[in-house]
Amino acid sequence: MNEFYLVTSWIIVALELFIVFFLLYSFKKHRFGLFFGGKSTLKKQEDHELHSCFLSALAVLVFYPVSANLGAYILNLPLELVQMRQVYYFALVCTGVSFITVLYLLHVIRGCSFSATSRLVAYISFMLMCLNFSQLVLRGYLDIHILYEVYGPFVVSFNICTFIALSKYPFYKLMESRLTKGAI
């Protein structure tokens, strides 16, 4: 089962990288504005949505491998089992809080409003953070394994939902551009 989770995580990272490159390629006129633009580049609601989706995809692309590698590193530390659980789940909770904070700050710094995609990604991250906090309390402090069997499938499901949420905007824009080209 661990191999399935490993392969799934790499597929998700590759697809999220594809989303970021697709956004950069598809919106050539905004390419540098996505990274360095000020509030003046956000003229229409579509611009806000594009920048918000880009910021979400970029934040997920950075935080997803960081949290996965951090978790793998913690699992290899020479700690007692209970201490390792406590450190592992606490680090994942902190990573979730950091992700939501960074996503919010990127939107504030950039001056764009939250798109539906960004909100959904933040909600999914919040649910995952709550699941990790539950595991911290249950497994780390109370030594209760009630969620152990469903933890892995839930994490994979949340990651797949995050990918689907991130891919929705580029997919619709791709279909919209194909329909527009087909109508001409």
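The values are calculated or read from the model by the stated rules, or taken from the named source; none is laboratory data. None of the values given here were measured: they were computed from a predicted structure. So basically every Cβ, Gly included, is an ideal-geometry build from the backbone, and we count neighbours across all protein chains shown. Each accessible area value is taken on the protein alone, full model and side chains, heavy atoms only, with ligands, DNA and RNA left out. Shrake-Rupley method; radii C 1.70, N 1.55, O 1.52, S 1.80 Å.
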Among 48, 117, 68, which residue has its Cα positioned farthest towards the positive end of the charge dipole of the stretch 44-184, with +1 placed on the Cβ of Lys and Arg, -1 on the Cβ of Asp and Glu, and the dipole taken about the Cα centre?
48
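Suppose R0 equals 25 Å. What FRET efficiency, 1/(1 + (r/R0)^6) with r the Cβ-Cβ distance, do residue 113 and residue 17 give to the nearest 0.05?
Plugging the Cβ-Cβ distance into 1/(1 + (r/R0)^6) gives 0.50.
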Per residue, the convex hull enclosing the Cα atoms of the stretch 71-146 spans a volume in Å³ of 89
By accessible area of protein heavy atoms, probe 1.4 Å, what ranking do 19, 109, 164, 100 get, highest first?
109, 164, 100, 19
For residue 46 the rounded accessible area (nearest 10 Å², probe 1.4 Å, non-protein molecules ignored) is 100
For residue 45 paired with residue 127, estimate the spin-label separation in nm (one decimal), with each label point 7 Å from Cα along the Cα-to-Cβ line.
2.6
Using label points projected 7 Å from each Cα along Cα→Cβ, tell me how many nm separate residue 105 and residue 150, to one decimal.
3.4
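Work out the P(r) tail for the stretch 38-106: percent of alpha carbon pairs separated by more than 19 Å, whole number.
Values: 1121 of 2346 pairs.
The share of Cα pairs beyond 19 Å in the stretch 38-106 comes to 48 percent.
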Suppose the chain between residue 175 and residue 87 were pulled fully straight at 0.36 nm per residue; how much longer would it get relative to their current alpha carbon spacing?
27.2 nm
